[in-house]
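The values are calculated or read from the model by the stated rules, or taken from the named source; none is laboratory data. All values derive from a computational prediction rather than experimental measurement. All Cβ positions, glycine included, derive from the backbone under ideal geometry; neighbour counts span all protein chains shown. What goes into the accessible areas is simple: the full protein's heavy atoms, side chains included, and nothing from ligands, DNA or RNA. Shrake-Rupley method; radii C 1.70, N 1.55, O 1.52, S 1.80 Å.
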Amino acid sequence: MSLAVGARRPSPTAGWDPEDEEFWARSGARIARRNLVFSVFCEHIGFSVWSLWSVLVLFLGPEYHIDTAGKFTLTALPTALGALLRLPYTFAVARFGGRTWTAIGALLLLVPTLLAALVLKPGVPYGTLLAVACVAGVGGGNFASSMANINAFYPHRLKGWALGVNAGGGNLGVPAVQLLGLLLLATAGVAHPRLLPLLYLPLILLAAAGAWWRMDNLPASSMSSGQGQALREVVRDPYGWAVSTLYVGTFGSFIGFGFAFGQVLQMQFHERFDTPAKAAALTFLGPLLGSLLRPVGGRLADRYGGAAVTLCTFLAMGAGTVAVIAASRAGSLPLFLAGFVALFVLSGIGNGSTYKMIPAHYQAVARTAVAAGADPAAAEAGSRCRTAALIGLAGAVGAFGGVLVNLAFRQSFLAGGNGDAAYTGFLLVYAGCSVLTWAVWLRRR
């Protein structure tokens, strides 16, 4: 029977239940996959805008009168705002719907790109640059809303993979903007930094249009309404802070290194990287590999368990940091690059495995509640709600790790002229995260 004129077409997501295998095979997988594709694209553009200043600082020559410490501050500020926005962005998905908020979040990216294109020229006050760089943090908020949205679309058995693909595709925005910056440096030269944000304007509009026309809003029950209460529960739960701490070590390293690596190369090996183009030619490699391997971390966690993969990752990151320290003291550029690329790769894998630990934990809690007599539907709704809340909390806390990385580099180069003090601090963090992973998740009780 055809629909009457003016009748509302049934929503393809009505009664959404990805755990129902028949529903998943019939239509759920196709709908989830379509939403994942456009979610990845929007998050990718968001990450590019968020990390825009990791490239723009390479264009700021002597005529801008900004020293090394000032440039590290310019890359720390958008990281900080992006971290702060992750919690409200997570809740915005439940309040407005994934489709609606993804489109709004994409359009908000127009603000930092337009401002950067307007103000970037010699003679601009440093305070103005700080304000404009800070606004780029809106791109960091997109990650949390995107992850919370995609988490609700996929069944538990596929969450590690789906969240890994979503986050990895978004993370690719970091090397993408760095490659575009390299292309501009090689063609237009260092005198035209405003071309870089201008290139992103049509991509932002395309992302917003794609989200609006091709994504879906899930029913309120599937999007886990009542996230304010869930966040209060998660904040009081030591498990939430333990996972968030691990994410400081993984994602904080990835985004912090991604923002700072070009400057670190210029400072640590200034005789080899005497022009911005030479530094930019290498900065994209680590973020690229780390982003591509994030889904691998999720897939490994699906198979072997998030805690086991995360522990191995932190132990290997400690070994990579030892290599970086040795290379720094010996002045070995090949070893330095190998160590840092390893850190990027391992942090990408750790990002995927750590996020898998969030839905897995609350699924286990829900199963325990059902075994004790709780209503299965209510237990599943509570699991999704707490998962979304912890995704926002861990994403926000983890992103602050990127701020700490940039501040550590800033202080280390100011005090000693090299990054050795910062590298030693990173080594201690990875050792602490290894002990935490073993003590909370893997130690025999």
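Taking 0.36 nm per intervening residue step and subtracting the Cα-Cα distance, what contour gain separates HIS270 from PHE23 on full extension? Show your work: numbers first, answer last.
Numbers: separation 247, 0.36 × 247 = 88.92 nm, distance 5.86 nm.
Extending this stretch completely gives an extra 83.1 nm.
If one takes the longest principal axis of the Cα atoms in the chain, at what angle in degrees, from 0 to 90 and to the nearest 10, does the Cα axis of helix 138-153 lie?
Compared with the principal axis, the helix lies near 30 degrees.
Quick check: the angle from helix 420-437's long axis to the longest principal axis of the chain, C-alpha only, nearest 10 degrees?
The angle comes out at about 20 degrees.
How about LYS356: which lysines have a C-alpha closer than 28 Å to its C-alpha, ignoring those fewer than 8 places off in the same chain?
Hits, sequence-local ones excluded: LYS159.
Taking the Cα centre of the chain as origin, sum charge times position over the Cβ atoms of Lys and Arg (+1) and Asp and Glu (-1), and report the length of that vector in debye to the nearest 20.
460
Could you report the chain's accessible area per residue, 1.4 Å probe, as an integer in Å²?
Working: 17280 Å² over 445 residues.
Using a 1.4 Å probe on heavy atoms only, each residue of the chain averages 39 Å².
Using θ = phi - 60° and the Karplus relation 6.51 cos²θ - 1.76 cosθ + 1.60, list the HN-Hα couplings for the stretch 120-127 in order, rounded to whole Hz, with x at every Gly or Pro.
So the Karplus estimates, Gly and Pro as x, are 6, 6, x, x, 5, x, 4, x Hz.
State the Cα centre-to-centre distance between the stretch 248-292 and the stretch 357-375 in whole Å.
Cα centres, the stretch 248-292 to the stretch 357-375: 41 Å.
Using a 1.4 Å probe on the protein heavy atoms only, what accessible surface does CYS433 show? Give it in Å² to the nearest 10.
Using a 1.4 Å probe on the heavy atoms, I get roughly 10 Å².
Could you pull out every one of the aspartates and glutamates with an alpha carbon less than 16 Å from that of LYS121, ignoring same-chain neighbours closer than 8 positions?
Within reach: GLU63.
Can you tell me which of 313-319, 206-212, 350-356 comes out highest on packing, and rank the rest after it, using the mean Cβ neighbours within 10 Å?
350-356, 313-319, 206-212
For the stretch 253-266, in order, what is each residue's ³J(HN,Hα) by Karplus, 6.51 cos²θ - 1.76 cosθ + 1.60 with θ = phi - 60°, in whole Hz (x at glycine and Pro)?
Working through the residues one at a time gives 5, 4, 6, x, 5, x, 6, 9, 4, x, 5, 4, 4, 5 Hz.
Between TYR304, TYR89, TYR430, which gets the highest mean-square fluctuation from a Gaussian network model of the chain, Cα cutoff 10 Å?
Per the Cα network of the chain with a 10 Å cutoff, TYR304 tops the list.
Enter the Cα centre distance for the pair the stretch 105-120 and the stretch 394-415, rounded to the nearest angstrom.
So the separation of the two Cα centres works out to 24 Å.
Counting helices only, and only those DSSP H runs with n ≥ 4, report the 222 nm mean residue ellipticity of the chain as the sum of -39,500 (n - 2.57) divided by its residues, in deg cm²/dmol to the nearest 500.
-26500 deg cm²/dmol
Can you tell me the 0 to 90 degree angle between the C-alpha axis of helix 68-96 and the longest principal axis of the chain, rounded to 10?
Roughly 10 degrees between the two axes.
Can you send over the carbon and sulfur percentage of the accessible area for the chain, probe radius 1.4 Å, protein chains only?
Roughly 67 percent of what the probe reaches on the chain is carbon or sulfur.
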